[in-house]
Amino acid sequence: MKLIRVLVLILCIASILRLLKLTIITSSQSLPPAGSPLIRQQKCSSSSSMCRNDISPENANPSILTEKENRFLLDLVSRRIPCKLLVFGLEPQYLSLASVNAGGFTVFIVDNPEKIITVKATNKTQVYKVEYQTIAAEAYKLLKHARENPDCSLRLHLPKLSRCKLALKNLPHEVFNTKWDVVVVDGPRGDTPDSPGRMAAIYTASILARKGNVTDILVHDVDRMIEKWFSSEFLCEKNLVSSKGRFWNFRIFREPNATTFCTI
């Protein structure tokens, strides 16, 4: 009888540990319940590590990378230089990426025209303006659309030709035709329901990444529901190789015969 109790206890502990591991790594692959908010205010106790990061002087502005996040990003890019680097978003800290990748090719995708003038375009660094057609409040509807619409399935063609509502079709041919080594998704803002969300950026990045051989995709603000759900859906838990703060790093390998994003 004592042996049985011990075995039951061991099984219970193992189940709890496995559940915690899955929760920490990523969210479930299933759709969130209908009507559940994909943007929410973060509420936590002052003892929470996330709260401590949020109120720290270096991260008083949520759009600014913490010191550890910035070092994490620079280290990853440094390991792959010279490389082809694509960045959705343009915070001041990202300007150093073009210098680090001086021997490679860097492209910034920006939806705020005011930020474009902060970058000096060269043969090695380009900045393109894009207008996002979807807002964060539409995230649930768009995720449902992607799962039900064959046009959103994994196809190694140009998103420009896709009829999927998540595909960014107004990007320059240069973006579609390049095999990117590193893609950073930290734009558009997506911090309010009526602002452009990152659903299309994450989806399009996942398509572009599968055109190359090995592509690192870094998604910022994974403490937010949209970033979690769409990263889980199109970049896949099995490809999550590292993380730091609000960054998740997915490593995507080319799979010529794959028909779904997240194969087992």
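The values are calculated or read from the model by the stated rules, or taken from the named source; none is laboratory data. Because the structure is predicted, anything quoted here is derived from the model rather than measured. Methodologically, a virtual Cβ is constructed for each residue, glycine included, from the backbone with ideal geometry; neighbour enumeration extends over all protein chains shown. Protein only, heavy atoms only, side chains kept; ligands, DNA and RNA dropped before computing areas. Shrake-Rupley method; radii C 1.70, N 1.55, O 1.52, S 1.80 Å.
Can you pull out the residues in segment 204-233 that are on the phi < 0 side of the Ramachandran plot, part of a loop (DSSP other than H, G, I, E, B) and under 12 Å from the mean Cα position of the chain (by Cα)?
Val222, Asp223, Arg224
Just checking, does segment 217-227 include any residue being basic (Lys, Arg) and either open to solvent by less than 40 Å² (accessible area, probe 1.4 Å) or over 20 Å from Lys244 (Cβ atoms) (or both)?
no
For segment 234-261, what are the residues that are in a loop (DSSP other than H, G, I, E, B), open to solvent by 20 Å² or more (accessible area, probe 1.4 Å) and modelled with pLDDT of 95 or more?
Correct list: Gly245, Arg246.
Test each condition in (1) open to solvent by 30 Å² or more (accessible area, probe 1.4 Å); (2) in contact (Cβ under 8 Å) with a residue 40 or more places away in the chain for Phe230 and report the one that comes out false.
It fails just one condition, (1).
Could you pull out every one of the helices (runs of 4 or more DSSP H) wholly within segment 45-144 that has 2 or more residues that are modelled with pLDDT under 90 and open to solvent by 60 Å² or more (accessible area, probe 1.4 Å)?
Details: elements: 49-55, 67-80, 95-100, 113-116.
Passing ranges, in order: 49-55, 113-116.
Which count do you get for residues in segment 169-185 that are open to solvent by 10 Å² or more (accessible area, probe 1.4 Å) and assigned to a loop (DSSP other than H, G, I, E, B)?
Summing the residues that are open to solvent by 10 Å² or more (accessible area, probe 1.4 Å) and assigned to a loop (DSSP other than H, G, I, E, B) in segment 169-185 gives 6.
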